[in-house]
Amino acid sequence: MAETPSSKTVSTKLQRIAELAKQMPNVALTNLSQHIDIGWLHEACRRTRKDAAVGVDGQTWREYEAKLEENLHLLLDRAKSGAYRAPPVRRVHIPKGSGKETRPIGIPTLEDKILQRAVAMVLEAVYEQDFLSCSFGFRPGRSAHDALDALWKSTMTMHGGWLIEVDIRRFFDTLDHAHLRRILRQRVRDGVLLRLIGKWLNAGVLEQGSVSYPELGTPQGGVISPFLANVYLHEVLDKWIAERVAPRLRGPVQLIRYADDFVLLFKSEHDARRVFAALPKRFAEHGLTLHPDKTRLIEFKQPNVWDLEKPKVSFDFLGFTHYWGRAQKPYWILKRETATDRFSRGLLRVKQWCQKHRHFSLPEQHRALSAKLRGHYAYYGLTSNFRRLKCFRDEVRRLWRKWLDRRSYHAAMTWERFQQLEIRYPLPRATVVHSVLPRAANP
């Protein structure tokens, strides 16, 4: 969405907040809420998705926009005076992994999203001066591919080592409110902002017609939730590793974190085992638990040049399986391919779409499936993943033909007929979008 005059004003304010936070790194800032005005809410509104699912009040963007100026003035008055009441979030469940498990997602109301966005904008300007370079999730100018690139470079530079793969059990559901408030007060002492965050933490959850009030956690799906998660883990993990753990280790350590997903890479086995033993205690102090079956310490050293057997050790991170593989020259490099569960999940969604929309016109189906494939390539299109990209496209072709064949009992969609159809409606070919090695960009 195009910028407005208020966007430039807000950008100037954000820069001033950032400069102040940078000049006073260990000071709790006050009067931050004074920057939130009507122009600020307009910018927050501009940054809020208009086509997202509705909250408990059922209000859509079209309805809210009809009296936008009046609604934003009322919202600002209630937020500043303390009269604002955070409505319950509507909880829905989406498939997780292979689809057998689900992940609870909390959907705030549209007005709540706008106000959360406004508060997040202020706090992000402050905390972006504090967050460390090892953190990548839900931060401006940083992405999952940046995290993957940092992990690749660190692993290749260190020639591998000992790696801790961590899974925090139900992080967003068990985040401790008291610890979070204490952490926030170390940097922010603005009563308006802290009061609003407290209301969002205590807002109820509407599920199956009844409202509950969990004492722990922050709903996934809320605008403010990813930011609060970053603040929490910045204190619990990032600073702890950088300031207290790393100086006491024999060798280097590299932390790569994307929201609540992270890995730790050590050069020394002794260092890795010490930290592996200390991690559960550190997280328990802050009300968090590590999954005992999904948290593990593995030896992930780069094989010698003369090693012929492919190493069997691998780990998953951000939807990719990482493993050592042969490069074109006789040496080993870190390779990544689509994780099995993500591959299966993607095909399941394509299958469900093809089944549901098999009676759509061919141009409509072609446009939708092409968009899905381009989206898949945009995320999973890494240099060493071309084979899996091609395999995914082949499976999409198979599924498309299968459900076209079931549109009619009289006109079977044989492979010969489908190949003729592909001449007019070709699916996008597998493409490497994110290349590590220039010569491998177009295999």
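Of all residue pairs spaced 6 or more apart or on separate chains, those with beta-carbon atoms under 9 Å, a first member in region 201-216 that is under 20 Å from residue 228 (Cβ atoms) and open to solvent by less than 70 Å² (accessible area, probe 1.4 Å) and a second member that is among the hydroxyl-bearing types (Ser, Thr, Tyr) and part of a strand (DSSP E or B) are 204/212; 205/212. Helices (runs of 4 or more DSSP H) fully within region 10-89 that include at least 1 residues being open to solvent by 60 Å² or more (accessible area, probe 1.4 Å) and in contact (Cβ under 8 Å) with a residue 24 or more places away in the chain: 68-81. When the residues of region 280-300 are narrowed to those that are assigned to a strand (DSSP E or B) and aliphatic (A, V, I, L, M), which ends up nearest to the chain's Cα centre (by Cα)? Only one residue tops the list, namely 290.
Taking (1) in contact (Cβ under 8 Å) with a residue 24 or more places away in the chain; (2) within 22 Å of residue 289 (Cβ to Cβ); (3) not hydroxyl-bearing (Ser, Thr, Tyr) in turn, residue 242 satisfies each apart from (2). So which pairs qualify, if the first residue must be in region 163-183 and within 8 Å of residue 288 (Cα to Cα), the second must be among the charged types (D, E, K, R) and at pLDDT 90 or above, the Cβ gap must be under 6 Å, and the two must be at least 6 apart or on different chains? Every condition considered, the pairs that remain are 168/260; 171/260.
A quick yes/no check of all residues on (1) open to solvent by less than 20 Å² (accessible area, probe 1.4 Å); (2) under 19 Å from the mean Cα position of the chain (by Cα); (3) at pLDDT 95 or above; (4) more than 20 Å from residue 156 (Cβ to Cβ):
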position: 233; (1), (2), (3), (4): yes, yes, yes, yes
position: 243; (1), (2), (3), (4): no, no, yes, yes
position: 260; (1), (2), (3), (4): no, yes, no, yes
position: 273; (1), (2), (3), (4): no, no, yes, yes
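Of the residues making up region 134-144, those that are open to solvent by less than 40 Å² (accessible area, probe 1.4 Å) and in contact with a strand residue (DSSP E or B) (Cβ under 9 Å, 6 or more places away or on another chain) are 134, 135, 136, 137, 144. Kindly indicate whether any position in region 257-267 is touching a residue at least 12 places away in the same chain (Cβ under 8 Å), assigned to a loop (DSSP other than H, G, I, E, B) and not small (Gly, Ala, Ser). Checked region 257-267: at least one residue is touching a residue at least 12 places away in the same chain (Cβ under 8 Å), assigned to a loop (DSSP other than H, G, I, E, B) and not small (Gly, Ala, Ser).
Looking only at residues of region 108-133 that are among the hydroxyl-bearing types (Ser, Thr, Tyr) and either closer than 14 Å to residue 232 by Cα or crowded, with 20+ Cβ neighbours inside 10 Å (or both), we find that the one that is modelled with the lowest pLDDT is 109.
Restricting attention to region 415-424, does a residue exist that is surrounded by 17 or more Cβ atoms within 10 Å (Cβ to Cβ), outside any loop (DSSP other than H, G, I, E, B) and not aromatic (Phe, Trp, Tyr)? For region 415-424, residues surrounded by 17 or more Cβ atoms within 10 Å (Cβ to Cβ), outside any loop (DSSP other than H, G, I, E, B) and not aromatic (Phe, Trp, Tyr): absent. Can you find even one residue in region 351-369 that is touching a helix residue (DSSP H, G or I) at 6+ places or on another chain (Cβ under 8 Å), under 29 Å from residue 167 (Cα atoms) and surrounded by 15 or more Cβ atoms within 10 Å (Cβ to Cβ)? For region 351-369, residues touching a helix residue (DSSP H, G or I) at 6+ places or on another chain (Cβ under 8 Å), under 29 Å from residue 167 (Cα atoms) and surrounded by 15 or more Cβ atoms within 10 Å (Cβ to Cβ): absent.
Evaluation of residue 152 against the conditions (1) aromatic (Phe, Trp, Tyr); (2) crowded, with 19+ Cβ neighbours inside 10 Å; (3) within 17 Å of residue 238 (Cβ to Cβ) shows that the sole unmet condition is (3). Within region 306-324, residues that are surrounded by fewer than 16 Cβ atoms within 10 Å (Cβ to Cβ) sit with their Cβ atoms under 9 Å from residues that are among the small types (Gly, Ala, Ser), at 6+ positions apart or across chains, in these pairs: 310/325. Could you tell me which of the residues 272, 277 is out of contact with any helix residue (DSSP H, G or I) (no Cβ under 8 Å at 6 or more places or on another chain), outside any strand (DSSP E or B), under 24 Å from residue 133 (Cβ atoms) and of a type in the set (A, V, I, L, M)? Residue meeting the stated conditions: 272.
Region 173-245 holds helices (runs of 4 or more DSSP H) entirely within its bounds, and those carrying 1 or more residues that are farther than 30 Å from residue 275 by Cα map to 191-202. Here residue 290 meets the list (1) more than 30 Å from residue 178 (Cα to Cα); (2) in contact with a Pro (Cβ under 7 Å, 6 or more places away or on another chain) almost entirely, failing just condition (1).
The values are calculated or read from the model by the stated rules, or taken from the named source; none is laboratory data. These numbers come from a predicted model, not from an experiment. Virtual Cβ from ideal backbone geometry, glycine too; neighbours counted across all protein chains shown. For accessibility, only protein heavy atoms count, side chains too; no ligands or nucleic acids. Shrake-Rupley method; radii C 1.70, N 1.55, O 1.52, S 1.80 Å.
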